[in-house]
Amino acid sequence: MAEATPSLEPAAFLREHVADRLRRRIEELRAQAARLERELEERLAAEATLEFVLEGDGGGAWFVNVQGEDVRVEGAPARPPLVRLLQSRTDWEALARSGLGMGAPPGAGDLTRARIARLATLKGTLEFRLIADDGERRVRVQFGAADAPRCTVTLRADDARRLQSGELTPQAAFLQGLARLEGDVALAMQAGAALFF
């Protein structure tokens, strides 16, 4: 003979399955709000200048001066540049049209006090060689004083887009053979850690 299934007690069921779930969601939202508040504080504390240089006809230099939420594109730096991005006007235009133009360096959308502190420790120049359908495009990223590229990173433009979007990590690109490094690999690893983590 089959055992009788005990009847459900509505109040106990609602406490366990509805009230508890609603309380847990409120706790989750409070934790998210606290995390977002910390992230906002870090972003509002950001103070840095990024320099963008286009070489050749129609080129020039532009400075993105960041002081918290006051972000301005100006003709002069508010402070010594934290990072310089340099490329030919031709390469910039081709990459911009394909969605990879000289914008902020990877991770700069998350320019926080902590990331600025990590970037400030870097010294050296990386050269990115992006292989596109119409040829090779180059971007130099300088940390600290200008010098010749110490490391060259070569990858397809499509993979660079995936890196920019966060779909691909620098480590995965290297391990999968999508990014080829030549020269000072330690600089590339330090820059990857500062920009992506």
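The values are calculated or read from the model by the stated rules, or taken from the named source; none is laboratory data. Note that the structure is predicted; figures quoted are calculated from it, not measured. Cβ coordinates were reconstructed from backbone atoms using ideal geometry, including for glycine residues, and neighbour counts include every protein chain displayed. These area figures cover heavy atoms from the full protein model, side chains too; ligands, DNA and RNA do not enter into them. Shrake-Rupley method; radii C 1.70, N 1.55, O 1.52, S 1.80 Å.
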Tally of residues being open to solvent by less than 50 Å² (accessible area, probe 1.4 Å), out of contact with any helix residue (DSSP H, G or I) (no Cβ under 8 Å at 6 or more places or on another chain) and not β-branched (Val, Ile, Thr) across segment 20-56: 3
Tabulated pairs, segment 142-170, first on the phi > 0 side of the Ramachandran plot, second open to solvent by 80 Å² or more (accessible area, probe 1.4 Å) and not acidic (Asp, Glu), C-beta under 6 angstrom, 6+ apart or interchain: Gly144/Lys123
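For segment 57-103: of the residues being assigned to a helix (DSSP H, G or I) and among the small types (Gly, Ala, Ser), which is surrounded by the fewest Cβ atoms within 10 Å (Cβ to Cβ)? If you could, list the steps in order and put the result at the bottom.
Of segment 57-103, the ones assigned to a helix (DSSP H, G or I) are 89-97.
After this cut, where a residue has to be among the small types (Gly, Ala, Ser) as well, the list is 94, 96.
On the way: Ala94: 20, Ala96: 12.
Top of the filtered list is Ala96.
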